[in-house]
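Encoded as structure tokens, the structure appears first; notes follow it.
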Amino acid sequence: MHHFLPFFIRFAIYLRAGAALLIRFLKRILLPVLDFLLLYIGMYFLKEYWGQNMIVNYPSEFMELAVPGYLLIWITSVFFSGGYDSPIRLSKVIRGIFTGTLIILVIYALLPEAYRFSRALILLGSVWASIAMILARLFLNAISSKNIVMESATRKRLLIVGEEEEGIRVLSLLKLSDASHNFIGFVKPRGNGSHRNLDTSKNHSEYTKFYLGADDKLSEIIEVYSIEEVVFCGKDVASNQIINCMATEQNRDVEYKIAPPESMFIIGSSSVDNPGELYVIDINSISKSINKRNKRVIDLVLGIFFLALSPLLVFLQHNPGRFFSNIFSVLGAKKSWVGYSSTAQALNTLPKIRPGILSPIDGLQQHSLDEHTISRLNTLYAKDYRAYADLRIVWKGWRNLGR
């Protein structure tokens, strides 16, 4: 009997790994397929209902070509909006459908009259898409394990980076607020002598009880405790330290926030039972998966656009010789149209991205900047990334695309 125990243990390990792979497959593959089927069925019944009541006969091309095209645009828009990322956030689904609807209507307006089937069905379809996708996610959330879960149902594992006084203050606000968090512990920032290990033998405060280490071990702490959200105390942690901490952990989807000094609750709570929320500033780090994905899409779209217009643009470049080389480098994922300015600090302490042809400096009229200002621009670009920032920089520096 004892000879079979190792076999059963291995079988249990393989079974658990297989279940994890199945769940990952369900989230990444089957959910978009489920959305497509639900939307297609809904569009079929909407077409039948609208056709009978409005006395309109739709050709077979509507369900064979037009509707699949609509659905692909909606699902793609939801994907790039983060609607398929975990944990599921319904606002991202709605935002993706809204964006997709605008894209469909713009394309619809450019089509010949023979291919304009019905604007009403597009709008009704967008309403059905919103309802169907939300209901599908609510259903999956009700029957699934913790691996597929709505964001509102999660208790994020939270870490506070700050000194004792400010860290305790932020933690007390979190406890009083209506936010649902699973507080894990404190991390002590370095600098001003705080790099020394905390003496836990004589100190019995709450900070000591939940002290996990200094911020030079932040990456290991996030990995060991599966941290999902990090709150930096703005009073104790400088902006460059925050960026350094972010740069150490880029392989996990961790949310970063800053609690400003002396921040209190937002005034105007709708209920006496809900004292409000802790006022924190979100950090839209360039290392977030959705930002990296959107940045890559911008690179590809602009690369194809520049390649199509290259016979005209090449003569307007300051360095025409490298223009084509840069296009293919971006399309081949070796470079990005926008990256950091090539300073030592950018290469060593900021989240890693592809080398850029342009930089935040190209979005300014003044290019003769000192190293400290350039470093600051790099930090702001990495800490609060926006897709339109890349478009703005490319718009202002388009004559330098052959750099």
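The values are calculated or read from the model by the stated rules, or taken from the named source; none is laboratory data. Please read these numbers as outputs of a predicted model, since none were measured by experiment. Glycine also receives a Cβ, built like all others from the backbone with ideal geometry; neighbour counts cover every protein chain displayed.
Summed over segment 384-397, residues that are surrounded by fewer than 20 Cβ atoms within 10 Å (Cβ to Cβ) and either in contact with a helix residue (DSSP H, G or I) (Cβ under 9 Å, 6 or more places away or on another chain) or not hydroxyl-bearing (Ser, Thr, Tyr) (or both) total 8. For segment 115-144, which residues satisfy the criterion of being surrounded by 15 or more Cβ atoms within 10 Å (Cβ to Cβ), in a helix (DSSP H, G or I) and of a type outside the set (A, V, I, L, M)? Those that are surrounded by 15 or more Cβ atoms within 10 Å (Cβ to Cβ), in a helix (DSSP H, G or I) and of a type outside the set (A, V, I, L, M): Gly125, Ser126, Trp128, Ser130, Arg137, Asn141. Note on segment 372-383: residues that are without any contact (Cβ under 8 Å) to a residue 12 or more places away in the chain and either crowded, with 20+ Cβ neighbours inside 10 Å or in the same structural domain as Tyr256 (by TED's automatic domain parsing) (or both) amount to 0.
Of the residues that make up segment 45-57, is at least one within 30 Å of Arg296 (Cβ to Cβ) and in contact (Cβ under 8 Å) with a residue 40 or more places away in the chain? Looking for residues that are within 30 Å of Arg296 (Cβ to Cβ) and in contact (Cβ under 8 Å) with a residue 40 or more places away in the chain, one finds none in segment 45-57, hence no. Condition test on Lys295, is it basic (Lys, Arg), surrounded by fewer than 17 Cβ atoms within 10 Å (Cβ to Cβ) and at pLDDT below 90? No: the conditions fail for Lys295.
Scanning segment 295-345 for residues that are more than 30 Å from the chain's Cα centre (by Cα) and in a loop (DSSP other than H, G, I, E, B) turns up Leu309, Gln317, His318, Asn319.
Yes or no: segment 370-388 includes at least one residue that is modelled with pLDDT of 85 or more and outside any helix (DSSP H, G or I). Among the residues of segment 370-388, not one is modelled with pLDDT of 85 or more and outside any helix (DSSP H, G or I), which makes the answer no.
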